[in-house]
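Quick notes on the structure that follows.
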Amino acid sequence: MHTIIKREIMSKLNHQQQFRQIIHLILTLALAFMTVKANAAYIEDVLQGSVGKYPIVMTVFSARDKAPNSITGMYFYVKFRHNIYINGNIRGNALYLSSKHTAEKFILTRLGNNYTGKFISPKSKTPLPVRLTLVPKGSIKTGPDVDFSPPLTDYDRLQLTGLKFVPGKKETIDNKYVIQWYTEPLSGVSMFRLASGYSPAAMAAINHKLELDHYMESLSAFTGDNSSKMHSLFLNGKFISYSRESNLGDGPTTSGVIFDVRSGNELKMEDLLWFGSGKKPTSVDALADYRSNIFAPKIIEILEQLYPDKITPSDNNNENGCDYSNPGAWAWGTFYLTSKGLYLGVDSDQIEHRCNNPSWSIIPYSVLKKYNPQLFSN
């Protein structure tokens with residue numbers, strides 16, 4: 001299988017299993033960074049210092065073999081954390097960077113590991129002095145004390161260092177399960193933690209993952225995805241599931257997570273529904289083959305039985321005349337549990353944008369039980 005296809009599949013898996021891991025890399029700018037990073041001539045530097053009296057962190061990227069004089073990157077004020085994207089060029093030891101969004105400009109000179117120069121902003125009558133120092137790669141050990149996969153960059157760690165989750169209201173669900181809401185003030189992102197109703201071991205394991213998700217949602221907000229919000233939340237004695245809705249520029253996108261309360265583990269689709277024979281696939285190639293040729297056609301078969309007027313467009317049917325008969329649309333869609341059953345989303349890359357996020361595609365628990373009685377039996 002082509003490397004690019006493998007990368008796309010792994011990206012979708014990470015999106016489903018770890019809930020929006022390293023979301024800022026999904027943005028167009030960051031995807032460009034990933035493309036050139038595979039090349040040995042790719043350079044990524046992280047700089048730390050100040051603009052006037054204001055502490056900042058900057059990261060810059062260049063690909064010397066393809067565009068030797070071009071540079072792109074981003075920076076944030078430590079006080080606010082939100083990224084400001086920049087690009088420009090290199091002339092000898094001088095760097096010229098600007099942001100088309102803020103019209104701010106950096107004119108810097110490099111001497112060893114230090115950069116000095118000036119910062120020009122429409123909001124300031126006079127330029128501000130800039131002093132930045134190169135951060136040795138891998139030297140940043142501050143930041144969240146949770147396990148990230150893939151690991152955070154030095155820039156990410158500095159962006160997340162010192163964030164605080166402020167406790168808010170408690171909420172009781174079904175008169176049994178208590179959750180505590182927390183908000184990260186700089187990003188405005190809220191996320192819940194389990195407070196009671198489950199075993200201490202399960203709550204500790206799941207809360208650890210919820211904390212990681214909270215950090216990643218905050219990191220996502222710092223890239224400009226400010227519309228992320230809780231979309232659904234479902235708790236019972238066996239599962240905890242939620243979804244978040246965000247807008248990355250192409251309309252709303254929903255991501256889901258499902259936890260097994262007994263183990264505290266996050267469940268993959270193959271844990272919920274398995275239509276294959278023998279051992280479950282462990283390689284990317286085998287999983288892609290299974291999802292495309294076995295899983296997706298079976299899902300369409302199940303949905304056609306449940307919703308006969310929804311899969312293919314006709315005169316009297318479905319949402320906006322959408323055609324959901326393409327197996328590719330169901331191979332890598334998001335999924336999460338609700339009170340009605342398992343919601344299955346479609347892969348927005350495989351279907352018309354207007355057909356994304358169908359409201360009807362739920363497999364009831366009675367059907368789930370037939371295919372996985374061990375997991376879904378009462």
TODO: Over region 42-142, calculate the relative contact order: mean separation of alpha carbon pairs under 8 Å at least 6 apart, over the residue count, as a percent.
DONE: 23 percent
Task: Theoretical gain in end-to-end length, ASN265 to HIS82 [0.36 nm per residue, Cα-Cα removed] - done: 62.7 nm
Task: Charge dipole (debye, nearest 20) of region 266-378; +1 at Cβ of Lys and Arg, -1 at Cβ of Asp and Glu - done: 500 debye
- [ ] Specify the inter-centroid distance of region 169-187 and region 340-378, based on alpha-carbon positions, in whole Å.
- [x] 26 Å
Open item on the list: Highest mean first, how do 299-305, 214-220 rank when packing is the count of other Cβ atoms within 10 Å averaged over residues?
Closed with: 214-220, 299-305
- [ ] Determine Rg/Rh for region 257-316; Rg is computed over alpha-carbon atoms and Rh is the Kirkwood hydrodynamic estimate from the same atoms.
- [x] 1.09
Open item on the list: For the pair ASN175/HIS101, report the inter-label distance in nm, with labels modelled 7 Å from Cα in the Cβ direction.
Closed with: 4.8 nm
Open item on the list: Treating only the Cβ of Lys, Arg, Asp and Glu as charged (+1, +1, -1, -1), what charge dipole size does region 318-378 show about its Cα centre? Round to the nearest 20 debye.
Closed with: 400 debye
Open item on the list: What's the ranking of 290-297, 349-356 by average number of surrounding C-beta atoms within 10 Å, highest first?
Closed with: 290-297, 349-356
Task: Cα-derived Rg to Rh of region 252-378, Kirkwood definition - done: 0.95
Task: For peptides 255-261, 306-312, sequence by mean Cβ density within 10 Å, most packed first - done: 255-261, 306-312
Task: Given charges at beta-carbon only (K, R positive; D, E negative), |dipole| of region 116-216 in Debye - done: 580 debye
- [ ] With a Förster radius of 51 Å, plug the Cβ-Cβ distance of THR133 and TRP274 into 1/(1 + (r/R0)^6) and report the FRET value to the nearest 0.05.
- [x] 0.45
TODO: Could I have the simple spin-label model distance between LYS369 and LYS141, label points 7 Å from Cα toward Cβ, reported in nm to one decimal?
DONE: 5.4 nm
TODO: Mind giving me the FRET efficiency for GLU352 and ILE120? R0 is 35 Å, r the Cβ-Cβ distance, nearest 0.05 is fine.
DONE: 0.20
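Coordinate-derived values only; no laboratory data. All values reported here derive from a predicted model rather than from experimental measurement. Neighbour counts run over all protein chains shown; Cβ positions are idealised from the backbone, glycine included.
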